[in-house]
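The values are calculated or read from the model by the stated rules, or taken from the named source; none is laboratory data. Computed from a predicted model, the values in this text were never measured in an experiment. Note that we place each Cβ from the backbone using ideal geometry, even for glycine, and neighbour counts take in every protein chain shown. The area values use the complete protein model at the heavy-atom level, side chains included, leaving out ligands, DNA and RNA. Shrake-Rupley method; radii C 1.70, N 1.55, O 1.52, S 1.80 Å.
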Amino acid sequence: MTITSSVRTHNGFGKAYMWPVAPAHKVIVNLTLAQLRRTVAQAKITAREISPPDS
C-alpha cells in the first residue's frame with residue numbers, strides 16, 4: 001500500500017514551512033501504514049480463529 005500526496009507552495013513562507021515538515025510527514029505516514037498492516041494482519045488471524053471450519 002502506498003500513499004501519495006502533492007503540495008504546491010506558492011511563496012517563500014510555504015517553502016520554508018515545508019522544508020522541515022515534509023520529512024516528518026513521511027515518518028508519520030510510514031508509521032501509520034505499519035500500524036494499519038499489523039491491525040489488518042491481526043484481524044485476519046482473529047477472523048480465522050473464530051470462523052467455523054469449512055465443510
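Summary of values
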quantity: Dimensionless Rg over Rh [the chain; C-alpha; Kirkwood]; calculated: 1.34
quantity: Portion, in percent, of the accessible area of the chain that falls on carbon or sulfur, probe 1.4 Å; calculated: 63 percent
quantity: Per residue solvent-accessible surface (Å²) - the range 12-51, probe of 1.4 Å; calculated: 86 Å²
quantity: Point-charge dipole on Cβ atoms (K/R +1, D/E -1) for the chain, about Cα centre, debye to 20; calculated: 260 debye
